[in-house]
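Only one structure is covered here, and it is reproduced in the block below.
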Amino acid sequence: MTERTVLVIGNGGREHALALALARDPSVVALHCAPGNPGTAAIATNHPVEATSGGAVADLAREVGATLVVVGPEAPLVAGVADAVRAAGIACFGPSAEAARIEGSKQFAKDVMAEAGVPTAASVYCATLDEVGEALDRFGAPYVVKADGLAAGKGVLVTDDRSAALEHADGSLPVVVEEYLDGPEVSLFAITDGVTCLPLLPAQDFKRVGDGDAGPNTGGMGAYTPLPWAPEGLVEGIMRDVVQPTVDAMAARGTPFAGLLYAGLALTSRGLRVVEFNCRFGDPETQAVLALLESPLGEVLDAAATGRLADVGPLRWGDGAAVIVVLAAEGYPGVPARGGTIAGPRLFGSDRVHVVHAGTALDASGQLIAAGGRVLGVVATASDLAAARNDAYAAVAELDAPTLFCRGDIAERAASGDISTPSL
Ligand code: AMP
Ligand code: GLY
C-alpha cells in the first residue's frame, strides 16, 4: 500500500472534516494541518502558515515531507497556491489559479457556462450604477446582485427592494445582476482530475442566518445529505448536463480544472439551473457528506491530483443520512462576539455524533472559546434524516456555549417530507 503524508491547508470546519475523513484512510500515515484549529490539533499536527502564500505552503509541504497537499479554501486556490505546490514537485488536490477563476469571478463562470451550454440564470455584467439600474428593470423583482469577486458567501443580495439592490451594487462594483431562480437548491460536489469526474452525495445547505430562511446570507448555517426528495436521476443529470461539460470546456480552454468542482444548483420550474460554481469543497455541506464516506479519501484525492481518477471506481457511502447544525457567534454574519466560552461533551470526538471546529480557539488557560463567525458544527449520522436531525439537535442542547446561536430548522422540511420539486 502507498503510504501518504498529507498536509491540509485551511482552518475551518471543512478542513476539520477533511482531516477526520483522511485520518480514517489507512494509507494516510501522517496528517498535518496548516493553520488548522483546535479540532484538527486533536487528530493532526498543526503548523502556522500564511495560507495564501504559495511559497510558504510549498516550503511547509517540503518540511513535513508531504506526498499530498489538500487545499481547502478558495482564497489560496485563487492566489495560485496549488500551482506553487505542484511546481515544487508535490501532488496537490486543488485547481490552478487559472481554473479557480470559476469561483473567483462570477463573470468568468458565466462565460464558461455559455461555452459549455450549461443552464444558468440569465445575467448582465455591470461596471456602472446606470447599467445596474437597467439590468434590474430588465429582470424585475426579486432582484439578484452579485459582487464579481470572492466574498465568502456574503457578496450576493437577493431582495424585492430596488433601492437596496442598487445600494449593494454601489458598494461592490463591478457586479453581476441576474434573473431570480425559484425552486429548491442542491449542492453537488464532484471530484475531478480534469477529465474523469466522480460525484459525491448531493446535499442541501442553509445559507440564510435565520429560521425559515430569514435574514442575510451567511457562509452556511447547516446542511444535510442525501436528499430524500431528490427526483430520480438527479445526480446523473447534473453530471451529464453540468459537471462534465464544464470540466470539458475548461480543458478545451487550456485551463483544465482538477480538484473539487462544487455545483450550486436550483431546481426551477423551468429545469435545472446553476446558481454558482465553487472551486473547492463546500462548507458546511462537506462536514455532512464526508461523515458518510466509506471510500479512502486520501487515495481518492491523490488519484485526482495525479490524473488517475479513472482507476478509482464510484465512491462508496454508508447508508442513512447526515446532518450538520452550525453554531455561530452572536452578531454573525456581521461582527461576531469573540471570547465566549464553550464546554460540553464530544468537543474533540470522531464518533457518530461529533463536533467539527471552525472558529474556535484555546485561551491561555486552555479553555475553548469562540474566535470567529461560524464557531463549530454538530454533525450526526443516523439511519434516516429525522433521526440524524434529532441526534444533532440533542447534542447541540448538551453544549454549554451561551454566546453561540444556531438555526432550529436545519433539515426540518426535508425530514418531514415537505419539499417538492418540479419534475425535471
Ligand atoms: P452564490 O454566492 O452565487 O452562491 O449565492 C448565494 C446564495 O444566494 C445562493 O445560494 C442562493 O440562495 C442565492 N442566490 C444566488 N443567485 C440567485 C438567483 N439567481 N436566484 C435566486 N437566488 C439566488
Ligand atoms: N456552503 C456554501 C459554500 O461553501 O460556499
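The values are calculated or read from the model by the stated rules, or taken from the named source; none is laboratory data. Predicted model only: the values in this text are computed from it and were never measured. Note that each Cβ is placed from the backbone with ideal geometry, even for glycine, and that neighbours are counted across all protein chains shown. To get the accessible areas, we keep the full protein, side chains included, count just its heavy atoms, and leave off ligands, DNA and RNA. Shrake-Rupley method; radii C 1.70, N 1.55, O 1.52, S 1.80 Å.
How many residues are touching a helix residue (DSSP H, G or I) at 6+ places or on another chain (Cβ under 7 Å) and either under 19 Å from G194 (Cβ atoms) or within 16 Å of ligand 2 (Cβ to nearest atom) (or both) if we restrict to region 277-296?
Start the filter on region 277-296 by keeping residues that are touching a helix residue (DSSP H, G or I) at 6+ places or on another chain (Cβ under 7 Å), which leaves 277-281, 283-284, 286-287, 290, 293.
Pick out the ones that are also either under 19 Å from G194 (Cβ atoms) or within 16 Å of ligand 2 (Cβ to nearest atom) (or both) and you get 277-281, 283-284, 286-287, 290.
Of the residues in region 277-296, 10 are touching a helix residue (DSSP H, G or I) at 6+ places or on another chain (Cβ under 7 Å) and either under 19 Å from G194 (Cβ atoms) or within 16 Å of ligand 2 (Cβ to nearest atom) (or both).
Any chance region 24-41 includes a residue that's out of contact with any helix residue (DSSP H, G or I) (no Cβ under 9 Å at 6 or more places or on another chain) and among the aliphatic types (A, V, I, L, M)?
Scanning region 24-41 turns up at least one residue that is out of contact with any helix residue (DSSP H, G or I) (no Cβ under 9 Å at 6 or more places or on another chain) and among the aliphatic types (A, V, I, L, M).
Among the candidates D363, D351, which residue alone is touching a residue at least 12 places away in the same chain (Cβ under 8 Å) and surrounded by fewer than 22 Cβ atoms within 10 Å (Cβ to Cβ)?
On the way: D351 fails: touching a residue at least 12 places away in the same chain (Cβ under 8 Å).
Being touching a residue at least 12 places away in the same chain (Cβ under 8 Å) and surrounded by fewer than 22 Cβ atoms within 10 Å (Cβ to Cβ) holds for just one of D363, D351, which is D363.
Among the candidates A141, A127, A169, A190, which residue alone is of a type in the set (G, A, S), more than 9 Å from ligand 1 (Cβ to nearest atom) and modelled with pLDDT of 95 or more? Before you say what the answer is, go through the steps one by one.
Working: A141 fails: modelled with pLDDT of 95 or more; A127 fails: modelled with pLDDT of 95 or more; A169 fails: modelled with pLDDT of 95 or more.
Of the residues listed, the single one that is of a type in the set (G, A, S), more than 9 Å from ligand 1 (Cβ to nearest atom) and modelled with pLDDT of 95 or more is A190.
Could you count how many residues in region 209-228 are at negative phi, surrounded by fewer than 18 Cβ atoms within 10 Å (Cβ to Cβ) and touching a residue at least 40 places away in the same chain (Cβ under 8 Å)?
4
Can you name the helices (runs of 4 or more DSSP H) wholly within region 48-145 that have at least 1 residues being surrounded by 16 or more Cβ atoms within 10 Å (Cβ to Cβ) and free of Cβ contacts under 8 Å to residues at least 40 places away in the same chain?
Working: elements: 54-64, 74-78, 81-87, 97-104, 106-116, 129-139.
Once the helices (runs of 4 or more DSSP H) in region 48-145 are filtered for at least 1 residues that are surrounded by 16 or more Cβ atoms within 10 Å (Cβ to Cβ) and free of Cβ contacts under 8 Å to residues at least 40 places away in the same chain, what remains is 54-64, 81-87, 97-104, 106-116, 129-139.
Which members of region 158-206 meet the condition of being part of a strand (DSSP E or B) and surrounded by fewer than 21 Cβ atoms within 10 Å (Cβ to Cβ)? Spell out how you get there, then give the answer.
Step one: filter region 158-206 for residues part of a strand (DSSP E or B), giving 158-159, 175-178, 185-192, 197-199, 203-205.
V158, T159, E185, C197, P199 - these are the residues of region 158-206 that are part of a strand (DSSP E or B) and surrounded by fewer than 21 Cβ atoms within 10 Å (Cβ to Cβ).
Take the conditions open to solvent by 10 Å² or more (accessible area, probe 1.4 Å), away from ligand 1 (no atom under 16 Å from the Cβ) and at pLDDT 95 or above and apply them to D302. Does it pass? Spell out the reasoning first.
Values: open to solvent by 10 Å² or more (accessible area, probe 1.4 Å): yes; away from ligand 1 (no atom under 16 Å from the Cβ): yes; at pLDDT 95 or above: yes.
Taking the combined requirement at face value, the residue satisfies it.
Report, by residue number, each residue of region 20-35 that is in contact with a His (Cβ under 9 Å, 6 or more places away or on another chain) and open to solvent by less than 10 Å² (accessible area, probe 1.4 Å). Give the derivation first.
Taking region 20-35 and keeping what is in contact with a His (Cβ under 9 Å, 6 or more places away or on another chain), we get 20, 32-35.
Selection gives C33, A34.
Only one of V289, V275, V242, V247 is open to solvent by 20 Å² or more (accessible area, probe 1.4 Å) and hydrophobic (A, V, I, L, M, F, W, C); which?
On the way: V289 fails: open to solvent by 20 Å² or more (accessible area, probe 1.4 Å); V242 fails: open to solvent by 20 Å² or more (accessible area, probe 1.4 Å); V247 fails: open to solvent by 20 Å² or more (accessible area, probe 1.4 Å).
Exactly one residue qualifies, and that residue is V275.
Would you say A386 is at pLDDT 95 or above and either surrounded by fewer than 16 Cβ atoms within 10 Å (Cβ to Cβ) or not in a strand (DSSP E or B) (or both)? Can you show your working first?
Details: at pLDDT 95 or above: yes; either surrounded by fewer than 16 Cβ atoms within 10 Å (Cβ to Cβ) or not in a strand (DSSP E or B) (or both): yes.
For A386, the condition - at pLDDT 95 or above and either surrounded by fewer than 16 Cβ atoms within 10 Å (Cβ to Cβ) or not in a strand (DSSP E or B) (or both) - is met.
Report yes if some residue within region 22-44 is within 16 Å of ligand 2 (Cβ to nearest atom), at pLDDT 95 or above and not basic (K, R); otherwise report no.
Taking region 22-44 first, the residues within 16 Å of ligand 2 (Cβ to nearest atom) are none.
The answer is no, given that none of the residues of region 22-44 is within 16 Å of ligand 2 (Cβ to nearest atom), at pLDDT 95 or above and not basic (K, R).
Just the residues that are within 16 Å of ligand 1 (Cβ to nearest atom), in contact with a Leu (Cβ under 9 Å, 6 or more places away or on another chain) and over 20 Å from G80 (Cβ atoms), please, taken from region 241-269.
Of everything in region 241-269, those that are within 16 Å of ligand 1 (Cβ to nearest atom), in contact with a Leu (Cβ under 9 Å, 6 or more places away or on another chain) and over 20 Å from G80 (Cβ atoms) turn out to be V242, T246, A263, G264, L265, A266, L267, T268.
Is it the case that G237 is more than 19 Å from L68 (Cα to Cα), more than 14 Å from ligand 2 (Cβ to nearest atom) and at pLDDT 95 or above? Walk me through how you get there before you give the answer.
On the way: more than 19 Å from L68 (Cα to Cα): yes; more than 14 Å from ligand 2 (Cβ to nearest atom): yes; at pLDDT 95 or above: yes.
The answer is yes for G237.
Go through region 370-380 and report how many residues are open to solvent by 30 Å² or more (accessible area, probe 1.4 Å) and either assigned to a strand (DSSP E or B) or closer than 25 Å to N390 by Cα (or both).
So the first thing to find is which residues in region 370-380 are open to solvent by 30 Å² or more (accessible area, probe 1.4 Å), and the list is 371, 374.
Pick out the ones that are also either assigned to a strand (DSSP E or B) or closer than 25 Å to N390 by Cα (or both) and you get 374.
Looking only at that region, the number is 1.
Go through region 392-424 and give me each residue that's free of Cβ contacts under 8 Å to residues at least 40 places away in the same chain, part of a helix (DSSP H, G or I) and not aliphatic (A, V, I, L, M).
Once the filter is applied, which keeps residues that are free of Cβ contacts under 8 Å to residues at least 40 places away in the same chain, part of a helix (DSSP H, G or I) and not aliphatic (A, V, I, L, M), region 392-424 yields E412, R413.
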